[in-house]
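The values are calculated or read from the model by the stated rules, or taken from the named source; none is laboratory data. Since the structure is predicted, the reported quantities are computational estimates derived from the model, not experimental observations. Glycine also receives a Cβ, built like all others from the backbone with ideal geometry; neighbour counts cover every protein chain displayed.
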Amino acid sequence: MEKINVGGQAVIEGVMMRAPRSMAIAVRRPNGEIVVKRELIVPLSERYPVVKLPIVRGAVALFSSLIIGIKALNFSANESMSEEEKEGDKDKGKGELSSWAMAGTMTVAFGFGICLFFLFPLYLTKLMTPYIGTNNIVFNLVDGVIRVIVFLLYIWGISRMGDIQRVFQYHGAEHKSIFAFEAGEELKVENVRRHSRLHPRCGTSFLLIVMLVSIAVFSLIPKLWPFYLKAGSRVVLLPLIAGISYEFLKWSAKNDGHPLVKLIIAPGLALQRLTTREPDDQQLEVAIRSINEALEVNAGYSDDRLVV
C-alpha cells in the first residue's frame, strides 16, 4: 500500500484516527470493552477541486477537523459512561447531541476561542496604547506576545485538571501509534510503547504556529482603524492564518530532518510535554485498535492529509 498520512485526536477514554478516506473512534467502556465507530469519508477535494489549492486546503482542514472532532468527543462521552449513567441521562432527557445541538456547541467553542485568543489580547493591547505608543509594529508585537502568553497559560491551566490528564495520556498513545505506523512496524503494544509521545504534526504545534503567524498577518491591518474594525478583520483573516499555518506545518513535516527545521519546530514539541502524557498499555491498545480500524476502512487509498 502506498504510504499515507494518518492523523488523529484524543477523546474521552479513547482515540479518533483519520486516514484519507476514513475515520475510526475507539473508546474503552467502563467494563473494559473497546467499542468502535467507523466511517468512510469522501474527501471534499473530489467534489470541489478548489479545496486542493494551497492555503485554501489548510482553512478547510481546520473547520472540518473541528466538526469531526466534536462529533468524536460526543460519541466518546456517551460510550465512556456506565449503563447507570446512561440511564440517568435518558431520564433527564440527555443523550447524543442532535445536529443543531452539535452546530451550537461548535459555534460556542469557536466563538470562545476567537474571543480568548484574538479579541481579548487586542483589547488589552489597546488599553496599553498610552504606554507603548501607536507604532504599528510595536502594537502588533505586544498584541502577539500577549496572545501567545494567554495561549500558554490556557494550555498550562487545563493540563492541571485531573480529568484532562487521562485525555492527554490518550493523546500520547495516539502519537506513539502513528509513529509506529509511519516506521512501518507491526502495530502491537510492545512496538508502539517505545516511540515518542511528541509528534511534529500535532495539533498543539499547529495552534502555536497559528499564534505566531497571526502576528505577521495582523501587522497588515492599518493602525488607524477603529477597534471594531480591527476586531472584525481578525475574524475574517483567521482562515488565511490557518491556511498559511497548515502549509508551514506540511513543509516542516517533510523536512523535519534538517537542523534548521528541527530548531523551528522545537517550541511546538516542547509544548506537547504539557498536552501529552505517557500512556499505559490499555490506552495503547485503544489507539492501536483505532488506527487499525481506520486503515481497514480506508482500503488502500492515499491522499494528502496531514494534521495529527
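Going by the structure shown, is Arg18 out of contact with any Ser or Thr (no Cβ under 6 Å at 6 or more places or on another chain), surrounded by fewer than 16 Cβ atoms within 10 Å (Cβ to Cβ) and of a type in the set (D, E, K, R)? Taking the combined requirement at face value, the residue does not satisfy it. Output yes when any residue across segment 245-259 is touching a residue at least 12 places away in the same chain (Cβ under 8 Å), more than 21 Å from Arg18 (Cβ to Cβ) and outside any loop (DSSP other than H, G, I, E, B), and no when none is. Taking every residue of segment 245-259 in turn, none turns out to be touching a residue at least 12 places away in the same chain (Cβ under 8 Å), more than 21 Å from Arg18 (Cβ to Cβ) and outside any loop (DSSP other than H, G, I, E, B). For Asp91, indicate whether it is at pLDDT below 90 and under 30 Å from Asp281 (Cβ atoms). It is false that Asp91 is at pLDDT below 90 and under 30 Å from Asp281 (Cβ atoms). Selection of segment 200-230 for residues being more than 20 Å from the chain's Cα centre (by Cα) and in a loop (DSSP other than H, G, I, E, B) yields Ser219, Leu220, Ile221, Pro222, Lys223, Leu224, Trp225, Pro226. The residues on offer are Arg147, Arg197, and the sole one that is at negative phi and outside any helix (DSSP H, G or I) is Arg197.
Within this structure, Leu152 passes the test of being under 30 Å from Asp280 (Cβ atoms) and touching a residue at least 60 places away in the same chain (Cβ under 8 Å). Considered as a group, the residues in segment 257-272 that are more than 10 Å from Arg201 (Cα to Cα) and at pLDDT below 90 include one that is nearest to the chain's Cα centre (by Cα), and that residue is Ile264.
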